[in-house]
Every structure is written in C-alpha cells, then in structure tokens.
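Take a look at the structure below.
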Amino acid sequence: MRTDSATVRVAVAGEGPPLLLLTGIGANIEMWEPAARHLTRRRLVMLDVPGTGGSPALRVGLRMRGYAHLVTQVLDALGLDRVDVLGYSWGGALAQQLAHQAPERVRALVLAATTPGVGGQPPWPWVLALMSSPARYYSRTYLRLTAPLVFGTGPRAAADSLHGRARLHRPPSIVGYTQQLHAISGWSSRWWLRQLDHPTLVIGARRDPLARPRNADILAAALPHARLEMVDGGHLFLLEDPQQSCALVEDFLCDQDAGASVEPVGAQSGR
C-alpha cells in the first residue's frame, strides 16, 4: 500500500469490528500469528512499519507523531474511520500517540507491555544496550543468549517458537530499526495521558525487564478510563501465552461492543 510518505505492507484478516495491531520495534506482521489465532472475533488490521518485514525504510526518518500520521493514512486507504487499537511494546507508544493526535480514529485502546516513555520506569542500562541492536532478528544464537535478559523469557521459547521463527525470517533493515529507535528516543506521553478519553486496557507483565511492571501502574493511574491487568510472564507474554492474554483483550473489547463502562482503577483485578 502506498501512502503519501511511504510504502507499507498491510494485512487484514478475520471478520468483526476492526482491531489495529501495532507491534514492537523491528517486528513484522507474521509475528502476530500466535495472538491472531485467539483474536477470532475481530477483523485484524496489521502492518509492517517502514523498514520492517516487507515495508521499505523511509527516505527520511520520522518521530512518533509522523508514524501516527502514517497509520492514519493507512486507515484512510482501508476506508476505516474508527478502530480499536492494540499497541504492543514500541507499538504501545505509537498507539498512545495515535489516540492523542487523532482521538476520533480510536474507539478503545489496549496497551500491552509498554511504557509512557520518558517519565516512566526505564529498563536497566544493559537491557537498553542490547535493544540498541537488531542482532536478535538476525541470529538465533544471539536471540537465545539475550532473551532472558531482554524479554524475561526462556531461550527456546523466544527463538524456536512460531513468533521466533517469524522474527528471524523477516528481520528489519538496519536503517528501519534505527529510524524506529530515533522516533521513540526522548518521546513521552506523560504530558497528555490524562487527556486521553478512550476506554483503555493496560496489561503489564510481572517479569518484564524491558517494559518494567511499574510502567503499567503509571499508565493505568494516569489514564482516566483505564483497567489494569497484570500477568505472570515476560515481555513476550502476548505471543508466548496468547490464550490468557488474548482472552483479556477479547473480554475488554466485548465490553466496549456492549457499551459497558470501564471500572475505575481502584476496583480492578490482576494487580
């Protein structure tokens, strides 16, 4: 698909209300497959951010605002006026930015394994250092060695799983990965989180070294209509235990389908 500023590989699957899936840094559409198998009540809209999967890198890098504008162009091209959005990791920051600058395009938000950026709880320095390189997309050995430190998961679960094979099959370009790093560096949603009026499900993982658990608390406390759930897993919980986490997503979105209100944070479960 060609937009004003980029060529973007897009996939649409399933039937039902549209759910836009925005994934982590360097990740490709195929990595969504474990979760997609459990999100059966939704029309899933997935894209390779420029420089990942089958999308060529940008000629000029963008900040998060630019990537959010790119997403709205994709929605326009698909004829989708309003969607639910599931943002995972880097994609969770993009989902927040999209809801901030184009609030009318978002019905409900799911923020999984993500942070508010600057002002949240950062990863440990060695985690940041390992994340600065896309080597885990190119080498199965490197992925196995670094997965416990970066993702809080087992080496085989990260490298030999369905999403692990997809990761290695379609690695991001060095330019594309660097552009995504540039986009999120210095980014923060802390200034405007309280202005987001969308029903939001925040899912954090208790063993996540990258988006450390405190970030889920920060997001849920700041967002005015948030529900918080914590799961026992690492950063890749949505891909490694999709049945449990996707059930949380489906239940939340079904509540929105039925027009149910979101409970206040203080009454929520899973903390």
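Laboratory data are not the source of any read-out in this text; all were calculated from the coordinates shown. Remember, predicted model here, so these are calculated numbers, not experimental data. Backbone-built Cβ (ideal geometry, glycine too); neighbour counts: all protein chains shown.
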Beta bridges per DSSP with both ends in the chain, % antiparallel, nearest 5: 25
Calculated FRET value between R37 and V118, using beta carbons and R₀ = 41 Å, to 0.05: 0.70
Spin-label pair C254/D76, simplified geometry with 7 Å Cα→Cβ offset, distance in nm: 3.7
Environment charge of E30, counting only residues whose C-beta is closer than 12 Å and scoring Lys/Arg +1, Asp/Glu -1: +2
Label zone at R206 (point 7 Å along Cα-to-Cβ), backbone N below 20 Å, region 223-248: 227-248
For region 97-114, Karplus couplings with θ = phi - 60° (6.51, -1.76, 1.60), whole Hz, Gly/Pro x: 4, 4, 5, 6, 8, 9, x, 6, 8, 10, 8, 9, 10, 10, 10, 10, 6, 9
Mean residue ellipticity (222 nm) of the chain, computed from DSSP H runs ≥ 4 via -39,500 (n - 2.57), nearest 500: -10500 deg cm²/dmol
Amide proton proximity set for V49, modelled H, under 5 Å, gap of 5+: none
Ranked by how many other beta carbons lie within 10 Å on average, peptides 103-114, 9-20, 173-184 from highest: 103-114, 173-184, 9-20
Contour excess over end-to-end distance, with Cα ends at T178 and A13 and 0.36 nm allotted per residue: 56.5 nm
